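Reading through the structure tokens given below for one structure.
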Amino acid sequence: MCRLLGLPEAHAVALSSGTAALFMALWALGGHERKVAIPVYSCAALRNAVLMAGGKPMPVDVAEGTPNIDLVTAIKGGAELAISAHMFGTPQVWNSETMPIPVIEDCAQALGARTDGRPVGLNGTVGIFSFYATKMITSGGQGGMLVSRDKSLVDVVRDYREFDCRRDRNPRFNFQMTDLQAAVGRAQLSQLDHFLRRRRQAYAIYAAHGLPLWPGNLAPTIEPCHYRAILRVSDPGRVIAELKRVHVRAIVPIEDWELLDDVDRFPMAKPLTYSTVSIPIYPSLSDSEIRMIADVLSELTNKICIHRKPLRD
């Protein structure tokens with residue numbers, strides 16, 4: 001991972017899960033009793049990790065036209081720490097030099113994505129990755145990684161993880177990745193370039209069919225990893241049903257009940273819960289399968305209204 005990200009050796013520590021990595025990042029940054037901004041449009045693991053670290057979760061809406069947290073609103077709201085999740089593999093960009101609070105970069109869905117040619121995970125104070133079974137690579141079902149340009153933070157986390165046979169009585173916990181998980185992860189990591197290439201090819205086929213992929217019109221300096229292919233549609237249920245008819249499974253990526261706070265308080269995230277569909281884009285899909293999915297969706301645009309104009313990024 002250090003070689004992949006361009007970090008010096010020992011600037012990464014393997015952990016038992018992405019959630020464990022989030023918890024350790026919060027612990028290392030002193031998140032106890034502090035207001036931690038989390039994207040309301042994200043996984044419950046973020047809220048859980050903040051609570052486990054003794055922090056105060058502060059759900060924040062997404063920025064207009066993106067699936068990612070509005071960091072400006074987070075700062076104005078008095079956040080003392082923030083978690084920025086690169087949702088669906090679409091990187092979020094901010095100026096780390098002028099950011100007034102520490103930011104944990106949640107790259108659970110974004111391994112392989114880049115901004116300005118630099119891998120995600122290096123812009124925040126700390127970066128975390130997940131190797132769960134559905135992520136960009138897996139280490140055998142569970143696994144995670146914490147990285148930082150600040151080696152002292154990584155050393156603090158590594159010390160916490162090494163719980164046994166210690167002469168002091170400092171509290172620690174077993175968040176270690178097993179050797180077998182690490183072996184699987186290394187094998188998967190060696191295939192990452194292939195995984196990324198196949199996802200780009202699938203996305204290009206969908207785009208060539210004129211599908212309403214979202215978010216659209218990303219800046220040239222932003223390179224997503226296409227963890228998900230998201231459509232903005234007016235009737236997600238109809239799209240999901242039509243794909244199911246040809247034995248293709250699609251889902252609403254985050255439904256209203258999955259938001260991390262009361263849905264009506266977040267005018268930007270709320271519409272996403274009833275206007276998005278995630279369609280297959282995993283690397284083992286063949287080109288013919290991808291084209292079949294794209295053909296079905298193209299025909300569907302003649303039956304129901306689908307948003308074809310990308311929202312502003």
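Restricting to helices (runs of 4 or more DSSP H) lying wholly in the range 192-309: which have 3 or more residues that are under 21 Å from the mean Cα position of the chain (by Cα) and at pLDDT 95 or above? Break it down into steps so the answer makes sense when it comes.
Values: elements: 192-208, 236-245, 269-272, 287-300.
Output list reads 192-208, 269-272.
Of the conditions (1) part of a helix (DSSP H, G or I); (2) open to solvent by 20 Å² or more (accessible area, probe 1.4 Å); (3) farther than 28 Å from Arg161 by Cβ; (4) in contact (Cβ under 8 Å) with a residue 60 or more places away in the chain, Val72 satisfies every one except a single condition; which number is it?
With (1) part of a helix (DSSP H, G or I); (2) open to solvent by 20 Å² or more (accessible area, probe 1.4 Å); (3) farther than 28 Å from Arg161 by Cβ; (4) in contact (Cβ under 8 Å) with a residue 60 or more places away in the chain applied to Val72, the lone miss is (4).
Only one of (1) in contact with a helix residue (DSSP H, G or I) (Cβ under 9 Å, 6 or more places away or on another chain); (2) touching a residue at least 60 places away in the same chain (Cβ under 8 Å); (3) farther than 30 Å from Leu192 by Cβ fails for Glu64. Which number is that?
For Glu64, the failing item is (1).
In the range 132-154, which residue that is assigned to a helix (DSSP H, G or I) and in contact (Cβ under 8 Å) with a residue 40 or more places away in the chain is surrounded by the fewest Cβ atoms within 10 Å (Cβ to Cβ)?
Going residue by residue through the range 132-154, those that are assigned to a helix (DSSP H, G or I) are 151-154.
Add one more test, that the residue is in contact (Cβ under 8 Å) with a residue 40 or more places away in the chain, and what stays is 151, 153-154.
Numbers: Lys151: 15, Leu153: 21, Val154: 21.
The residue in question is Lys151.
Can you say whether Gln176 is surrounded by 12 or more Cβ atoms within 10 Å (Cβ to Cβ) and either in a helix (DSSP H, G or I) or basic (Lys, Arg) (or both), as far as the supplied structure shows?
When the stated conditions are applied, Gln176 does not pass them.
Please find, within the range 19-55, the residue that is most open to solvent (accessible area, probe 1.4 Å) out of those that are farther than 20 Å from Glu162 by Cβ and in a helix (DSSP H, G or I).
Residues of the range 19-55 farther than 20 Å from Glu162 by Cβ: 30-51, 54-55.
From the residues that got through so far, the ones that are in a helix (DSSP H, G or I) too are 44-51.
Details: Ala44: 38, Ala45: 19, Leu46: 5, Arg47: 77, Asn48: 72, Ala49: 2, Val50: 1, Leu51: 99 Å².
Taking the candidates together, the pick is Leu51.
Would you be able to say whether some residue in the range 255-278 is over 26 Å from Cys43 (Cβ atoms) and open to solvent by 60 Å² or more (accessible area, probe 1.4 Å)?
So far as the range 255-278 goes, no, none of its residues is over 26 Å from Cys43 (Cβ atoms) and open to solvent by 60 Å² or more (accessible area, probe 1.4 Å).
Just checking, does the range 56-66 include any residue being in contact with a strand residue (DSSP E or B) (Cβ under 6 Å, 6 or more places away or on another chain) and assigned to a loop (DSSP other than H, G, I, E, B)?
no
Kindly indicate whether any position in the range 115-131 is under 25 Å from Leu15 (Cα atoms), open to solvent by less than 10 Å² (accessible area, probe 1.4 Å), out of contact with any strand residue (DSSP E or B) (no Cβ under 7 Å at 6 or more places or on another chain) and not in a strand (DSSP E or B).
no
The values are calculated or read from the model by the stated rules, or taken from the named source; none is laboratory data. The shown structure was predicted, so the numbers you read here are calculated from the model rather than taken from an experiment. Neighbour counts run over all protein chains shown; Cβ positions are idealised from the backbone, glycine included. These area figures cover heavy atoms from the full protein model, side chains too; ligands, DNA and RNA do not enter into them. Shrake-Rupley method; radii C 1.70, N 1.55, O 1.52, S 1.80 Å.
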